[in-house]
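The values are calculated or read from the model by the stated rules, or taken from the named source; none is laboratory data. These numbers were taken from a predicted model, which means no experiment stands behind them. Glycine also receives a Cβ, built like all others from the backbone with ideal geometry; neighbour counts cover every protein chain displayed.
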């Protein structure tokens, strides 16, 4: 966690946090739209870009942009790719604003929505969630997202309309609570909702991605939703336990039935394929149960290792860099 003291008298009102991973095509379009919006607020602000191990020219573009705005733009350079949520956590730990707004760098969430989110924060809401109106995504992605949102809400009970939209606002109090958590894997919107006392959700615009490709393929989306469900609810594990109990009971009843049938009718060869089908069904239930239990065991394994969640190679800031030359900051 950052040891840099935060002076309320000199701290900016707003910190805008933007994780960046291989976005060299989007960044030149982001900068000229983001900065005028923030300048128009006429309030002190900072923008924290986190380079999440980009392998293209993203870091060079970020540093060039920082050179143009040295007093309000900061860049955190990760020593590798640690993921979007770890990038946001690193920015949270090094932020100075009273209010924080997170957004993606691909411009699918318009920077022009920032004033609306800030207004809700200043009105007293400690977490401002958003949901995308008129989404410009493929039909499969929209349908899958709708199903996942409903399924996840039923399991976690959080009631978020859109888990995938990262354009969100947070009050400093909530961010400080988040910074105290040292979970290896987490889902920030859900975690913030747990700590919120006066949350609100608003609709925001959504644009089609014009440059680059989404960093969330099918596998990463599935992994993210597993982390969300296992990180905020025991319902999957409890459901498997109940299902296992029910299947065991039904299997016992069926075994008694087969025994009585054998005593009454004698040995039979009929029903072999039915038994095989039932056997495969029970094997599937067993494998599913092991898989879900394994997700929870895996989370425990990640936590007990106590490895750093991320490594910051360097912070490009006007303030004196607390890192030793060539050193890494761990989080």
When you scan segment 147-178, how many residues do you find that are part of a loop (DSSP other than H, G, I, E, B) and surrounded by fewer than 18 Cβ atoms within 10 Å (Cβ to Cβ)? 3
Among the residues of segment 111-127, is any in a strand (DSSP E or B), at pLDDT 85 or above and surrounded by 12 or more Cβ atoms within 10 Å (Cβ to Cβ)? yes
In segment 42-65, residues that are surrounded by 19 or more Cβ atoms within 10 Å (Cβ to Cβ) and not in a loop (DSSP other than H, G, I, E, B) total 12
Among the residues of segment 193-211, write down those that are at pLDDT below 90 and crowded, with 19+ Cβ neighbours inside 10 Å. 193, 206
Exactly one of 96, 135 is touching a helix residue (DSSP H, G or I) at 6+ places or on another chain (Cβ under 6 Å) and assigned to a loop (DSSP other than H, G, I, E, B), and that one is 135
Pairs only if they're at least six apart or on different chains, beta carbon under 9 angstrom, first in segment 83-99 and on the phi > 0 side of the Ramachandran plot, second part of a loop (DSSP other than H, G, I, E, B) and crowded, with 24+ Cβ neighbours inside 10 Å; list them, first residue then second. 83/52; 83/310
